[in-house]
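The structure under discussion appears below in the form of structure tokens.
The values are calculated or read from the model by the stated rules, or taken from the named source; none is laboratory data. All values derive from a computational prediction rather than experimental measurement. Methodologically, a virtual Cβ is constructed for each residue, glycine included, from the backbone with ideal geometry; neighbour enumeration extends over all protein chains shown. Heavy atoms of the whole protein, side chains included, go into the accessibility calculation; ligands, DNA and RNA do not. Shrake-Rupley method; radii C 1.70, N 1.55, O 1.52, S 1.80 Å.
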Amino acid sequence: MGASSILPDLGTEILIPVCAVIGIAFSLVQWILVSRVKLSPGRDSGAPGNSGAAGKNGYADYLIEEEEGLNDHNVVVKCAEIQNAISEGATSFLFTEYQYVGIFMVAFAILIFLFLGSVEGFSMKSQPCTYDLSRMCKPALAPAALSTLSFLLGAVTSVVSGFLGMKIATYANARTTLEARKGVGKAFITAFRSGAVMGFLLAANGLLVLYIAINVFKLYYGDDWGGLFEAITGYGLGGSSMALFGRVGGGIYTKAADVGADLVGKVERNIPEDDPRNPAVIADNVGDNVGDIAGMGSDLFGSYAESSCAALVVASISSFGMNHELTPMLYPLIISSVGIIVCLITTLFATDFFEIKAVDEIEPSLKRQLIISTVLMTIGIGVVSWIALPPSFTIYNFGDQKLVKNWQLFLCVAVGLWAGLIIGFVTEYYTSNAYSPVQDVADSCRTGAATNVIFGLALGYKSCIIPIFAIAISIFVSFSFAAMYGIAVAALGMLSTIATGLAIDAYGPISDNAGGIAEMAGMSHRIRERTDALDAAGNTTAAIGKGFAIGSAALVSLALFGAFVSRAAISTVDVLTPKVFIGLLVGAMLPYWFSAMTMKSVGSAALKMVEEVRRQFNTIPGLMEGTSKPDYATCVKISTDASIKEMIPPGALVMLTPLIVGIFFGVETLSGVLAGSLVSGVQIAISASNTGGAWDNAKKYIEAAASDHARALGPKGSDPHKAAVIGDTIGDPLKDTSGPSLNILIKLMAVESLVFAPFFATHGGLLFKIF
């Protein structure tokens, strides 16, 4: 075992923070570039100097704008006004949400401290170590206090990353609209850069905070690495518990507004989407930011924090941790650091190396992002595995140590990385209107909404097949090579290109908002076509992002499950024992219960919204004629109140289940519940996301009328189009509330069980102890 890694420990201690700082610096540079698009109508709003590339094509741009007569101040002023309204709405909602979540956070932190402190009766004496009873470790109060601290750290980081993402998106949406006047390429670059700001900030922040936390905790723990990394798991729990409320609250908010706006506006009143006469239109655009951006940001941050924590916990009881080899121990963080650099190079491909000139180059360019980042990352992982790992080492595997070579660990990470790419492409195939599945769904609209719904559901169920095989193969390969550690690093591999994944994901809602602003500011039809093209590509990339989130959630929660089983000292989980089997059944039911809650919340909130929108159309004189303004604020308030009220029960279900099961039924039943919820949750999540995405793009396919087939299905307002709108409306809560929240349910229950494992192992299973 004597051979150590090539990279010295000092190298690691420099590499990780430097990569994180580079990531943060890069996102600031992108932000400065976006902010060059001026939103205040100065004397130079159309002057050559403002086109970004004055001289060569500055003059031409100026002429085009003169021709279209778009060089007027009103458009810019209007865009700025609308952007302001959206930004204010989003900020006020997030502040309200964070107040409630903050109360919960403090309460849960106290709970963690009490539960973990009570394991040894709050004693201050040193305890024998969990995995090595011959040595003495820190008292049980230490992990209790430090787990609580890392929980709060994770929660705050998660909240901040969501909030910053939302701020950037609301900053960039109107700028994207204004750039669309100059052509689709300019608008694309603005939207994509803004997405990149969020992706890099989040990846770098998550890495930096985790790295600093480890170093600070090390001051106290010294050589007891097992205890140290156990205390760090709270970081993942904090990240995901905030993500849950962000996802559920934001999802209910955005879909209540969207469904309300669509049903009254498009179906009853026959006015286009994002028409300024529609009272719910501001709430709908605010929703895109709080649900898709803030929610998605927190969600992927949570995945990232948890997969790092799961890998670190397993590593700390393997040869890395026992021999105190710092570099291989921090292998998961080194992968993420290299990922930031890889994504940085990849981003330049989209913004600087290739310029987009036509509408049909948008989607290929985004797909190229995924491929380039995956290929470069594979090389990066190879190099890292070669320099940061010893040639061979042992990994803890349910009680014994398993011998592993460094190339095997490389394969574990790579298999996760490529599985992510495959899931992304399968998702794209099933949700993009360039391929037959969505075109078939659109075609089924000829016979009404019912066939559209049937086709859409079938598509979603069918789209589970390949992703599940991809996840299954990566689990098998990585487990055979490196036990649970292999699965944890496979999840990290899938998330290693998180900066690019988030960039193309955040790009979607930004373009969506840009289209809404163009419509509300009354810009010309050509500009709306450009933003629609950006938006349709954005729908697909959002679906790809959700695919990544779900796939990584499955791997992460399996890794956490492994860490939980080791920590709770269960050697095998036997499905045939009744204790475990009832857990499996109940666990498999939880995603359905959770989905029922979130869907019904969206439904009842949408009902209130529809009534309000109808009331305004019926009672405000001159609203349909466009002579008087609707009352946007009431609709925003309805969405805010509904989502705050409705996010509590589903959140409580997820947070309380592991506690109740662990305390009353013990760790065996809990392991059953975790396995059951993982197995059923992944299927529902994939099918719900893809069904919703397909319905949305089937509607866009009919509206864009880009092919003879699409034109035959009718202009906007035809019967097939109305059927497509109904499908899209049903799909909204599926793809933006239930589906994406489920992956948090899967991860969160697993990481929570891991954090509370010492308590459940000593005090759990009350009911079985009585009988």
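Kindly list the number of the only condition in (1) under 23 Å from PRO272 (Cα atoms); (2) in a helix (DSSP H, G or I) that fails for PRO715.
So the condition that PRO715 fails would be (2).
Looking at the range 268-283, I want the residues that are in contact (Cβ under 8 Å) with a residue 40 or more places away in the chain and have a partner that is polar (S, T, N, Q) and surrounded by 17 or more Cβ atoms within 10 Å (Cβ to Cβ) with Cβ atoms under 6 Å, at least 6 apart or on another chain. Which pairs are those?
Qualifying pairs under 6 Å: PRO279/GLN616; ALA283/SER639.
Could you identify the single residue in ASP696, ASP736, ASP732 that is closer than 27 Å to PHE548 by Cα, crowded, with 21+ Cβ neighbours inside 10 Å and under 16 Å from the mean Cα position of the chain (by Cα)? Walk me through how you get there before you give the answer.
Working: ASP696 fails: under 16 Å from the mean Cα position of the chain (by Cα); ASP732 fails: under 16 Å from the mean Cα position of the chain (by Cα).
Testing whether each residue is closer than 27 Å to PHE548 by Cα, crowded, with 21+ Cβ neighbours inside 10 Å and under 16 Å from the mean Cα position of the chain (by Cα) leaves just ASP736.
Run GLY522 past the list (1) at negative phi; (2) open to solvent by 20 Å² or more (accessible area, probe 1.4 Å) and report the number of the one that doesn't hold.
Only one criterion is unmet by GLY522, namely (1).
Looking only at the range 313-347, which residues are modelled with pLDDT of 90 or more and farther than 16 Å from LEU7 by Cβ?
GLY339, ILE340, VAL342, CYS343, LEU344, ILE345, THR346, THR347
Identify, by number, the condition in (1) open to solvent by 10 Å² or more (accessible area, probe 1.4 Å); (2) closer than 27 Å to ILE16 by Cβ; (3) more than 19 Å from the chain's Cα centre (by Cα); (4) among the β-branched types (Val, Ile, Thr) that ILE487 doesn't meet.
Going through the list (1) open to solvent by 10 Å² or more (accessible area, probe 1.4 Å); (2) closer than 27 Å to ILE16 by Cβ; (3) more than 19 Å from the chain's Cα centre (by Cα); (4) among the β-branched types (Val, Ile, Thr), ILE487 breaks only (1).
For the range 352-404, enumerate the residues that are crowded, with 22+ Cβ neighbours inside 10 Å, more than 30 Å from ALA191 (Cβ to Cβ) and small (Gly, Ala, Ser).
Of everything in the range 352-404, those that are crowded, with 22+ Cβ neighbours inside 10 Å, more than 30 Å from ALA191 (Cβ to Cβ) and small (Gly, Ala, Ser) turn out to be SER385, ALA388.
When you go through (1) in contact with a strand residue (DSSP E or B) (Cβ under 7 Å, 6 or more places away or on another chain); (2) open to solvent by less than 10 Å² (accessible area, probe 1.4 Å); (3) part of a helix (DSSP H, G or I); (4) not small (Gly, Ala, Ser) one by one for PHE481, which number turns out not to apply?
For PHE481, the exception is condition (2).
With respect to LEU607, determine if the residue is open to solvent by less than 10 Å² (accessible area, probe 1.4 Å), in a helix (DSSP H, G or I) and either within 30 Å of SER639 (Cα to Cα) or touching a Ser or Thr at 6+ places or on another chain (Cβ under 8 Å) (or both).
Numbers: open to solvent by less than 10 Å² (accessible area, probe 1.4 Å): no; in a helix (DSSP H, G or I): yes; either within 30 Å of SER639 (Cα to Cα) or touching a Ser or Thr at 6+ places or on another chain (Cβ under 8 Å) (or both): yes.
For LEU607, the condition - open to solvent by less than 10 Å² (accessible area, probe 1.4 Å), in a helix (DSSP H, G or I) and either within 30 Å of SER639 (Cα to Cα) or touching a Ser or Thr at 6+ places or on another chain (Cβ under 8 Å) (or both) - is not met.
Out of all the residues in the range 422-431, is one or more open to solvent by 30 Å² or more (accessible area, probe 1.4 Å) and either under 30 Å from ILE22 (Cβ atoms) or in contact with a Lys or Arg (Cβ under 6 Å, 6 or more places away or on another chain) (or both)?
If we filter the range 422-431 for residues that are open to solvent by 30 Å² or more (accessible area, probe 1.4 Å), which is where we start, we get 422, 425, 429.
In the following step, the residues that additionally are either under 30 Å from ILE22 (Cβ atoms) or in contact with a Lys or Arg (Cβ under 6 Å, 6 or more places away or on another chain) (or both) were identified as 422, 425.
Yes.
Restrict the check to the range 311-329 and report whether at least one residue is of a type in the set (Ser, Thr, Tyr) and closer than 19 Å to TYR211 by Cβ.
Narrowing the range 311-329 to residues of a type in the set (Ser, Thr, Tyr): 316, 318-319, 327.
Narrowing further to those that are closer than 19 Å to TYR211 by Cβ: 316, 327.
Scanning the range 311-329 turns up at least one residue that is of a type in the set (Ser, Thr, Tyr) and closer than 19 Å to TYR211 by Cβ.
Mind checking which pairs have a first residue in the range 597-621 that is among the basic types (Lys, Arg) and a second that is buried (at least 19 other Cβ atoms within 10 Å of the Cβ), Cβ under 7 Å, 6 or more apart or different chains?
Correct list of pairs: LYS608/ILE638; LYS608/ALA642; ARG614/VAL264.
Condition check ((1) crowded, with 24+ Cβ neighbours inside 10 Å; (2) modelled with pLDDT of 90 or more) across all residues:
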| site | (1), (2) |
| --- | --- |
| GLY538 | yes, no |
| SER552 | yes, no |
| THR619 | no, yes |
| GLY622 | no, no |
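Report, by residue number, each residue of the range 233-282 that is buried (at least 24 other Cβ atoms within 10 Å of the Cβ), hydrophobic (A, V, I, L, M, F, W, C) and more than 30 Å from GLY302 (Cα to Cα).
Answer for the range 233-282, where residues must be buried (at least 24 other Cβ atoms within 10 Å of the Cβ), hydrophobic (A, V, I, L, M, F, W, C) and more than 30 Å from GLY302 (Cα to Cα): ALA261, ALA280, VAL281.
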